[in-house]
């Protein structure tokens, strides 16, 4: 098997090189490898050189001191990413999976968090962990670091904002860019760390004071290396398609179906700007016809184009409370690909017949030309279908056809929900919050965000389309990415079972729970005051959903097949699924290899986690910034964790978490009971348990560490309602 290298010449694939080196039984020099494959031309030799170097960079091969290339796995070396801990030690997370490799604080001196390394196993430490040493650093992950500028005794340095980067960066005094102590800056690394030398760099940007409006997002962008500006070529390509659909792309004589007369509508959040999906529902003698029309991004973003390369590098749009970093330029994401009302748009359609039992009886996929007849918000749609007096609702009077279709859709939703319950899907009542900002961009308040049935209507429609997409791809045996959610891993399951028993909840399974088992617990605790806490623990026990090339089903949704089809504007895996469906519709073979699909899944999963971590980081900073305005104020809270050193609590409405240290409890000696999750006072007998309701006072907020300390409020002091 061969493929084209950088110079558009045929060279062996990575898989073939690995196979042949395995057969050779020893490392080979580049000259020997070139001779083996009969690569004699200068371009061929340069192409194989680049491929071998790339395989070394990715940890598949290692080049020894004699310049020969061998398989890393045959040299007992582990390739992986460094995961650092704030206390100075770290781990190598193997690329191929398996047990993590412990790195001592000494080994961590020459690497930083997320560096890619080759490590050697040197033994087992006193805790039974495999211990390693770094043999080679394959890739430096931190070209620049965000942190606080410090100057002491004539020495300047930057203290990294990310606690996992434990080494301060030294900065020559003539490279400080006039930064003042305490300011948040960006430092570019000139010399990476060594055993006896910390990293050295120069300041490239002064962001300002910690906690300033917008600072949380600016720090996250740099900490997580998030792309912001689109390259000129990418913007030019996106804008080159124009503002309206080219009817050459919409030629209904070549298989694209004209659905412009179909009463399709979009239902999204009030602040949404990119509309991925439109829906239509119509009852018939066998149940319902449901059309889910999704933006046809694949017509515009083609493999190998500048747009595709940038979308793949981003992997997903990143959402912050007051800002979005889109996967595609605005000309597409908010323009030509967005299913705006009353304009023609290209779409990929999943057209389903759903029976009265809520099961999809048949489905088909096709490209279409659509016209959204209305852009509805969730609240607007909910008010239309839930209004007791239908004649009093202005939107129903203004859009009678849309209102009637929504009524039909709501009827279908009830059937889909019953089917969801029958198959045992886990239905968490997620608690979300909404950040409110002042005129200057400062955080003004945090309020609960309530989902209504309109959110759930669209969710069920999208799940149905995603299932049908996965089944369609599997049936046609086309290489694709599936959205896989596996059952809880054994370690997490043990902790979950111990927690549930401590809460008086019976374990109804022997080895492995089914989704229905966990769904039953959610239903059982629905009226308990500690419902949110129990659901949060259940959620934390779950495996992480990933993108892989093999369909292993979705545990949480209790489905045997699941893919992501419904959001190609903001998720690359959805775009890939659209392309795979397109290959089937066009009867064209998809030549994507299993290895490249596997690599794509790993990359998309990694980029999704990066986006989620960045969003959580910003949320935590904003919560700290808000509570910093409320030091001394009191709030109602619930105990969410019990440790020997105190209680972790969460505020009721804003869901801000912090620590109530044991020294902030009534004066006593407290004994920790890990089995029953409680602290008991030795003299006074006061007991603090998991899920207890308390009133706490904001004692201290550390913006740099994102830590909040509370004190227990004595009886008689009224809890704060929210706004100052």
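Does at least one position in segment 596-619 carry a residue that is outside any loop (DSSP other than H, G, I, E, B), at pLDDT 95 or above and over 19 Å from the mean Cα position of the chain (by Cα)?
no
Quick one: residue 272 ticks every box in (1) under 25 Å from the mean Cα position of the chain (by Cα); (2) within 30 Å of residue 404 (Cβ to Cβ); (3) assigned to a strand (DSSP E or B) except a single one, so which number is it?
Unmet for residue 272, out of (1) under 25 Å from the mean Cα position of the chain (by Cα); (2) within 30 Å of residue 404 (Cβ to Cβ); (3) assigned to a strand (DSSP E or B): (3).
Could you grab me the full set of residues in segment 291-335 that are in a strand (DSSP E or B) and closer than 30 Å to residue 626 by Cβ? Talk me through it step by step, then tell me what you get.
Let us first name the residues in segment 291-335 that are in a strand (DSSP E or B), namely 291-295, 316, 318-320, 323-325.
Once the filter is applied, which keeps residues that are in a strand (DSSP E or B) and closer than 30 Å to residue 626 by Cβ, segment 291-335 yields 316, 318, 319, 320, 323, 324, 325.
Which of (1) touching a residue at least 40 places away in the same chain (Cβ under 8 Å); (2) touching a strand residue (DSSP E or B) at 6+ places or on another chain (Cβ under 9 Å); (3) closer than 29 Å to residue 321 by Cα is the odd one out, the single condition residue 412 does not satisfy?
Unmet for residue 412, out of (1) touching a residue at least 40 places away in the same chain (Cβ under 8 Å); (2) touching a strand residue (DSSP E or B) at 6+ places or on another chain (Cβ under 9 Å); (3) closer than 29 Å to residue 321 by Cα: (3).
Being under 20 Å from residue 298 (Cβ atoms) and touching a strand residue (DSSP E or B) at 6+ places or on another chain (Cβ under 7 Å) is the filter here, so list the residues in segment 585-610 that pass it.
585, 601, 604, 607, 608
Can you tell me which residues in segment 575-591 are out of contact with any helix residue (DSSP H, G or I) (no Cβ under 8 Å at 6 or more places or on another chain) and in a helix (DSSP H, G or I)?
583, 585
Quick one: count up the residues across segment 165-195 that are within 24 Å of residue 136 (Cβ to Cβ) and free of Cβ contacts under 8 Å to residues at least 24 places away in the same chain.
Here the count works out to 2.
Let me confirm something: among 656, 642, 713, which residue is in contact with a helix residue (DSSP H, G or I) (Cβ under 9 Å, 6 or more places away or on another chain) and either under 29 Å from residue 450 (Cα atoms) or in contact (Cβ under 8 Å) with a residue 24 or more places away in the chain (or both)?
On the way: 642 fails: in contact with a helix residue (DSSP H, G or I) (Cβ under 9 Å, 6 or more places away or on another chain); 713 fails: in contact with a helix residue (DSSP H, G or I) (Cβ under 9 Å, 6 or more places away or on another chain).
Unique residue meeting the criteria: 656.
Return the residue satisfying two criteria in turn: it lies in segment 684-707 and is at pLDDT 90 or above and touching a helix residue (DSSP H, G or I) at 6+ places or on another chain (Cβ under 6 Å), and of such residues it is farthest from residue 632 (Cα to Cα).
Out of the qualifying residues, it is 701.
Hey, could you check segment 436-468 for residues that are within 20 Å of the chain's Cα centre (by Cα) and crowded, with 20+ Cβ neighbours inside 10 Å and say which is nearest to residue 655 (Cα to Cα)?
Per the stated criteria, the residue is 462.
The values are calculated or read from the model by the stated rules, or taken from the named source; none is laboratory data. Nothing here was measured: the structure is a model prediction, and the numbers come from that model. Quick reminder, even Gly has a Cβ in these numbers, built from the backbone with ideal geometry, and neighbours come from all protein chains shown.
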